1. Identify, by number, the condition in (1) on the phi > 0 side of the Ramachandran plot; (2) open to solvent by 50 Å² or more (accessible area, probe 1.4 Å) that TYR58 doesn't meet.
2. Quick one: would you say SER17 is of a type outside the set (Phe, Trp, Tyr) and touching a helix residue (DSSP H, G or I) at 6+ places or on another chain (Cβ under 9 Å)?
3. Anything in region 23-36 that is open to solvent by 30 Å² or more (accessible area, probe 1.4 Å) and either at pLDDT below 95 or within 14 Å of THR106 (Cβ to Cβ) (or both)? List them, or say none.
4. List every residue pair whose Cβ atoms lie under 6 Å apart, where the two residues are 6 or more positions apart in sequence or sit on different chains, the first residue falls within region 46-60 and is in a loop (DSSP other than H, G, I, E, B), and the second residue, located anywhere, is open to solvent by less than 50 Å² (accessible area, probe 1.4 Å).
5. If you take the residues in region 61-88 that are free of Cβ contacts under 8 Å to residues at least 60 places away in the same chain and among the basic types (Lys, Arg), which one is surrounded by the fewest Cβ atoms within 10 Å (Cβ to Cβ)?
6. Being open to solvent by 20 Å² or more (accessible area, probe 1.4 Å) and in contact (Cβ under 8 Å) with a residue 12 or more places away in the chain is the filter; apply it to region 89-104 and report the residue that is nearest to TYR59 (Cα to Cα).
7. With the condition kept exactly as written, say whether any residue in region 37-51 is open to solvent by 20 Å² or more (accessible area, probe 1.4 Å) and either among the aromatic types (Phe, Trp, Tyr) or more than 24 Å from SER121 (Cα to Cα) (or both).
8. If the Cβ limit is 7 Å and pairs must be 6+ apart or interchain, which residue in region 107-119 that is in a loop (DSSP other than H, G, I, E, B) and surrounded by 15 or more Cβ atoms within 10 Å (Cβ to Cβ) pairs with which residue that is modelled with pLDDT under 95 and polar (S, T, N, Q)?
Amino acid sequence: QVQLVESGGGLVQAGGSLRLSCAASGRTFSSYAMGWFRQAPGKEREFVATISRHGITYYADSVKGRATISRDNAKNTVYLQMNGLKPEDTAVYYCAADSPPKLIITTTPDYWGQGTQVTVSS
């Protein structure tokens, strides 16, 4: 079983930046589709970004232009760089992974991390 551990969350002021990290255990990380989701209190979990095994990326409209997802296969790690943070970005951010033949993250990923809290103050 693959384990995903998120880090990098915290409290930032509006307009600030954070880089979230997701470290994956096990082999074949380079073959996984990776993604990020987030869930605010009282809200549904929503898709944020995904990156394919070959580096193709897609973003939710809510973060497009402010978020960058990337991966470092040598470190078995995926990142989410968030700039221009807004109070509405406040949520628990979850890393997720899908095995081949899935090309990008699905709504029911094979693996989930425990989440990391991002709080943006006004």
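1. For TYR58, the exception is condition (1).
2. Details: of a type outside the set (Phe, Trp, Tyr): yes; touching a helix residue (DSSP H, G or I) at 6+ places or on another chain (Cβ under 9 Å): no.
No.
3. Kept after step one, since they are open to solvent by 30 Å² or more (accessible area, probe 1.4 Å), are these residues of region 23-36: 23, 25-28, 30.
Once the filter is applied, which keeps residues that are open to solvent by 30 Å² or more (accessible area, probe 1.4 Å) and either at pLDDT below 95 or within 14 Å of THR106 (Cβ to Cβ) (or both), region 23-36 yields SER25, GLY26, ARG27, THR28, SER30.
4. Close Cβ pairs satisfying both conditions: SER52/ALA33; ARG53/SER31; ALA60/VAL48.
5. At the first step, the residues of region 61-88 found to be free of Cβ contacts under 8 Å to residues at least 60 places away in the same chain are 61-78, 88.
Of the ones still in play, those that are also among the basic types (Lys, Arg) are 64, 66, 71, 75.
Values: LYS64: 10, ARG66: 15, ARG71: 21, LYS75: 12.
Ranking the qualifying residues of region 61-88, first place goes to LYS64.
6. The initial filter retains those residues of region 89-104 that are open to solvent by 20 Å² or more (accessible area, probe 1.4 Å), namely 90, 92, 94, 99-104.
Subsequent filtering for residues that are in contact (Cβ under 8 Å) with a residue 12 or more places away in the chain retains 90, 92, 94, 99-100, 102-104.
On the way: THR90: 17, VAL92: 17, TYR94: 15, SER99: 20, PRO100: 20, LYS102: 17, LEU103: 15, ILE104: 11 Å.
Among them, the one singled out is ILE104.
7. Residues of region 37-51 open to solvent by 20 Å² or more (accessible area, probe 1.4 Å): 39-47.
Still in the running and either among the aromatic types (Phe, Trp, Tyr) or more than 24 Å from SER121 (Cα to Cα) (or both): 47.
Yes, region 37-51 contains a residue that is open to solvent by 20 Å² or more (accessible area, probe 1.4 Å) and either among the aromatic types (Phe, Trp, Tyr) or more than 24 Å from SER121 (Cα to Cα) (or both).
8. ASP110/SER99
The values are calculated or read from the model by the stated rules, or taken from the named source; none is laboratory data. Remember, predicted model here, so these are calculated numbers, not experimental data. Ideal geometry is used to build each Cβ from the backbone, glycine not excepted, and the neighbour counts take in all protein chains shown. Keep in mind that these areas ignore ligands, DNA and RNA; they rest on the heavy atoms of the full protein, side chains included. Shrake-Rupley method; radii C 1.70, N 1.55, O 1.52, S 1.80 Å.
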